[in-house]
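**Q** Please read through the structure below; I'll follow up with questions.
The values are calculated or read from the model by the stated rules, or taken from the named source; none is laboratory data. The structure presented is a predicted model; accordingly, all values stated were derived computationally and were not measured. For neighbour counting, all protein chains shown are included, and Cβ atoms are generated from backbone atoms with ideal geometry for every residue, glycine included. Calculation scope for accessible area: heavy atoms of the full protein, side chains included, ligands and nucleic acids excluded. Shrake-Rupley method; radii C 1.70, N 1.55, O 1.52, S 1.80 Å.
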Amino acid sequence: MNNLRLHNLSDEQVLSIYGSTQDSACIGELIKRYRHLVFGVCVKYLKNKTEAEDATNEVFEKILFEPDLSAINAFHAWIYVVAKNHCLGILRKKGKSFVSENELRQLSEPNEYSVFENKGLTEENLSHALKLLNSAQALCVKLFYLEEKSYQEVSAMSGYSLNEVKSHLQNARRNLKNILSKLAS
């Protein structure tokens, strides 16, 4: 495949070509487009450029083994989540707390951030807390925060109205704050 031609195609088109040809030039094009994004995510979480470079390479090695890469609709969002989860896995193996300040702010009301400060919030606590939410709240949190869908996308995927989605998210944030503060104490 001509690399100049790939350069002019959308991510979805490149993935489609890869799905039918398994041409490694397609993966090369995606790496060229997203290496800086993945590296930035890895530096953000790992706080070490050498570890971040290794993690970046590992993330791109992972995509080679993705069974249906051509089925991914939003590669940029998907690779971001893969990179983030890979870094969180590295931190988990090291036994470090994984939640960044930005993620804490997203999960809490702006004026309730102090509840989460220096509490050693771990992935295990967050996972447990999510299981304690009702199914509507858990679904909305999963789609909105973990899969980074918009309010409209969450509404379409869940079947809830836009107002219901916002209400479920607001109630989920409040409930998560209460659950996590109890787990942290």
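**Q** So for segment 17-35 (the condition being outside any helix (DSSP H, G or I), without any contact (Cβ under 8 Å) to a residue 60 or more places away in the chain, under 18 Å from residue 65 (Cβ atoms) and acidic (Asp, Glu)), does at least one residue qualify?
**A** yes
**Q** Tell me yes or no: at least one residue of segment 86-93 is of a type in the set (D, E, K, R), surrounded by fewer than 16 Cβ atoms within 10 Å (Cβ to Cβ), modelled with pLDDT under 85 and within 15 Å of the chain's Cα centre (by Cα).
**A** No, segment 86-93 contains no residue that is of a type in the set (D, E, K, R), surrounded by fewer than 16 Cβ atoms within 10 Å (Cβ to Cβ), modelled with pLDDT under 85 and within 15 Å of the chain's Cα centre (by Cα).
**Q** Evaluate segment 134-147: report whether one residue or more is of a type in the set (S, T, N, Q) and either free of Cβ contacts under 8 Å to residues at least 24 places away in the same chain or open to solvent by 30 Å² or more (accessible area, probe 1.4 Å) (or both).
**A** Taking segment 134-147 first, the residues of a type in the set (S, T, N, Q) are 134-135, 137.
Narrowing further to those that are either free of Cβ contacts under 8 Å to residues at least 24 places away in the same chain or open to solvent by 30 Å² or more (accessible area, probe 1.4 Å) (or both): 134-135.
Yes - at least one qualifying residue is present in segment 134-147.
**Q** Here's another thing I want to ask about it. For residues that are farther than 17 Å from residue 74 by Cβ and part of a helix (DSSP H, G or I), tally how many sit in segment 135-185. So that I can check it myself, show each step before the final result.
**A** Let us first name the residues in segment 135-185 that are farther than 17 Å from residue 74 by Cβ, namely 135-141, 155, 158-185.
Subset that is part of a helix (DSSP H, G or I): 135-141, 155, 158, 162-184.
Qualifying residue count, segment 135-185: 32.
**Q** Let me ask something additional. State whether the residues of segment 39-47 include one that is more than 14 Å from residue 76 (Cβ to Cβ), open to solvent by 80 Å² or more (accessible area, probe 1.4 Å), among the β-branched types (Val, Ile, Thr) and without any contact (Cβ under 8 Å) to a residue 12 or more places away in the chain.
**A** Checked against the condition, which is being more than 14 Å from residue 76 (Cβ to Cβ), open to solvent by 80 Å² or more (accessible area, probe 1.4 Å), among the β-branched types (Val, Ile, Thr) and without any contact (Cβ under 8 Å) to a residue 12 or more places away in the chain, segment 39-47 yields no hits at all.
**Q** Conditions: (1) open to solvent by 40 Å² or more (accessible area, probe 1.4 Å); (2) more than 16 Å from residue 87 (Cα to Cα); (3) at pLDDT below 90. Residue 62 meets all but one. Number of the miss?
**A** Unmet condition: (2).
**Q** Yes or no: residue 118 at pLDDT below 50, assigned to a loop (DSSP other than H, G, I, E, B), open to solvent by 20 Å² or more (accessible area, probe 1.4 Å) and within 27 Å of residue 175 (Cα to Cα)? Walk me through it before giving the result.
**A** Values: at pLDDT below 50: yes; assigned to a loop (DSSP other than H, G, I, E, B): yes; open to solvent by 20 Å² or more (accessible area, probe 1.4 Å): yes; within 27 Å of residue 175 (Cα to Cα): yes.
It is true that residue 118 is at pLDDT below 50, assigned to a loop (DSSP other than H, G, I, E, B), open to solvent by 20 Å² or more (accessible area, probe 1.4 Å) and within 27 Å of residue 175 (Cα to Cα).
**Q** Only one of (1) of a type in the set (D, E, K, R); (2) more than 30 Å from residue 93 (Cα to Cα); (3) touching a His at 6+ places or on another chain (Cβ under 8 Å) fails for residue 23. Which number is that?
**A** Looking at each condition in turn, residue 23 falls short on (3).
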